[in-house]
Amino acid sequence: MITRRALGALLAASPGAAALAQTARPARRSLDPDIAFPAAGPRPWGEQMKQIRIGLLGGENEADRLGRFGPYRELMEATFKVPARLYPASDYAGVIQAFGAKQLDIANMSPAAYAAAWMDTQGGVEPLLTTEEADGSISYVAVMLVRADSVITGLEQMRGKAMAWSDPNSASGYLIPRFALRRQGMNPEQYFSRTGFAGGHEQAVIAVVQKQYDAAVTWASGQGDVNQGYTRGTLRAMVDKGLLDMRQMRVIWTSDPIINGPQTVRVDLPDGFKEDMRLFHLALPKAHPDIYRQIERGGGAGYREVSHRDYEFMVEMRKQEATERRRRN
């Protein structure tokens with residue numbers, strides 16, 4: 001996995017060797033032969049939790065998010081016999097703040113958003129699972145892309161150009177690219193002529209298509225055919241929805257691997273709920289493959305258990321970014 005040594009080595013690690021010995025037993029995976037979808041019926045934790053509140057990160061228009069997660073919500077409700085509700089946020093901060101106010105029970109977070117929620121709640125959230133890619137790794141990449149008709153072919157040609165960030169709480173759409181630039185001796189505040197937050201990953205890509213910015217950064221699995229938008233990610237989702245033709249775009253930079261974000265819950269919720277959420281997601285790819293592909297914006301190998309230890313490096317990165325921000329101000 002991505003190591004958690006000095007920050008200077010964070011992005012240089014292998015994507016496929018996660019340190020998953022966080023408990024006495026091996027981490028469970030969707031590919032394990034004994035994983036079974038939970039039997040339908042009421043649970044003891046249902047007496048304490050009268051509904052399951054599911055947070056949806058921003059980065060995609062609300063109608064599409066609700067459409068993708070509608071069958072997922074219905075399945076969760078039918079399985080556990082507790083009303084389930086979707087709470088889409090306009091940006092990543094909305095879900096982070098909702099966890100802090102105890103207005104959410106579970107959400108699929110980016111690694112940076114999880115770190116922010118963990119810091120804001122002083123350890124009040126915990127990760128259950130992360131996405132496993134088709135090759136067995138649990139990482140994705142940030143990609144920087146420009147229009148195909150642009151003269152820009154590499155990062156060095158972005159000096160003096162306009163950059164669209166996706167979201168200030170996104171690892172791939174903000175924190176990781178900025179960290180990588182600083183590693184290469186490029187000050188993000190000075191390297192570009194203009195930067196701005198587009199309001200989400202899809203919006204950032206569209207801003208480049210419409211020539212509002214020269215480049216944008218977003219997330220992708222880093223696997224599969226780039227001309228199809230890879231196997232998973234913002235680009236693949238946009239291609240599948242007919243919003244993007246990858247022949248219009250050119251990828252000019254790809255980050256080192258980043259650990260996938262976790263399914264996150266509040267620490268103070270019942271242990272039985274947490275275990276049911278683990279089993280529900282671990283078995284989802286085999287039991288309900290269409291729903292799995294919808295919520296993951298493409299296909300992979302399913303899920304794998306993780307712990308907070310796997311995200312400590314992102315907490316440190318967020319602290320570093322906060323220090324840089326205070327220094328600039």
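The values are calculated or read from the model by the stated rules, or taken from the named source; none is laboratory data. Since this is a predicted model, take the numbers as computed values, not measurements. All Cβ positions, glycine included, derive from the backbone under ideal geometry; neighbour counts span all protein chains shown.
Residues in segment 259-269 that are part of a loop (DSSP other than H, G, I, E, B), touching a strand residue (DSSP E or B) at 6+ places or on another chain (Cβ under 9 Å) and surrounded by fewer than 24 Cβ atoms within 10 Å (Cβ to Cβ): how many? Break it down stepwise before answering.
Going through segment 259-269, the residues part of a loop (DSSP other than H, G, I, E, B) turn out to be 260-261, 267-269.
Filter again for touching a strand residue (DSSP E or B) at 6+ places or on another chain (Cβ under 9 Å), leaving 260-261, 267, 269.
Right, trim to surrounded by fewer than 24 Cβ atoms within 10 Å (Cβ to Cβ) and you get 267, 269.
Total satisfying the criteria: 2.
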Open item on the list: Checking Gly272 against (1) in the same structural domain as Gly46 (by TED's automatic domain parsing); (2) surrounded by fewer than 18 Cβ atoms within 10 Å (Cβ to Cβ); (3) touching a strand residue (DSSP E or B) at 6+ places or on another chain (Cβ under 7 Å): exactly one of these is not met. Which one?
Closed with: (3)
Open item on the list: So, Gly233, is that one modelled with pLDDT under 95, buried (at least 22 other Cβ atoms within 10 Å of the Cβ) and out of contact with any strand residue (DSSP E or B) (no Cβ under 9 Å at 6 or more places or on another chain) or not?
Closed with: no
Task: Members of segment 110-131 that are closer than 15 Å to Glu312 by Cβ, outside any strand (DSSP E or B) and touching a strand residue (DSSP E or B) at 6+ places or on another chain (Cβ under 7 Å) - done: Pro111, Tyr114, Ala117, Trp118
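Looking at segment 153-161, can you tell me whether even one residue there is over 20 Å from Tyr230 (Cα atoms), in the same structural domain as Gly298 (by TED's automatic domain parsing) and modelled with pLDDT of 95 or more? Even if it seems obvious, please write down each step before you answer.
Restricting attention to segment 153-161, the residues satisfying the condition of being over 20 Å from Tyr230 (Cα atoms) are 155-161.
Still in the list and also in the same structural domain as Gly298 (by TED's automatic domain parsing): none.
The answer is no; no qualifying residue exists.
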Task: Selection count, segment 41-80, where residues are part of a helix (DSSP H, G or I) and not aromatic (Phe, Trp, Tyr) - done: 19
Open item on the list: Can you confirm whether Gly123 is closer than 14 Å to Tyr213 by Cα and not hydrophobic (A, V, I, L, M, F, W, C)?
Closed with: no
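Identify, from the list Ile291, Ile295, Ile252, the residue that is assigned to a strand (DSSP E or B), among the hydrophobic types (A, V, I, L, M, F, W, C) and out of contact with any Asp or Glu (no Cβ under 7 Å at 6 or more places or on another chain). Break it down stepwise before answering.
Working: Ile291 fails: assigned to a strand (DSSP E or B); Ile295 fails: assigned to a strand (DSSP E or B).
Answer to the check: Ile252.
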Task: Criterion violated by Val306 - all others in (1) among the β-branched types (Val, Ile, Thr); (2) without any contact (Cβ under 8 Å) to a residue 12 or more places away in the chain; (3) in contact with a strand residue (DSSP E or B) (Cβ under 8 Å, 6 or more places away or on another chain) satisfied - done: (2)
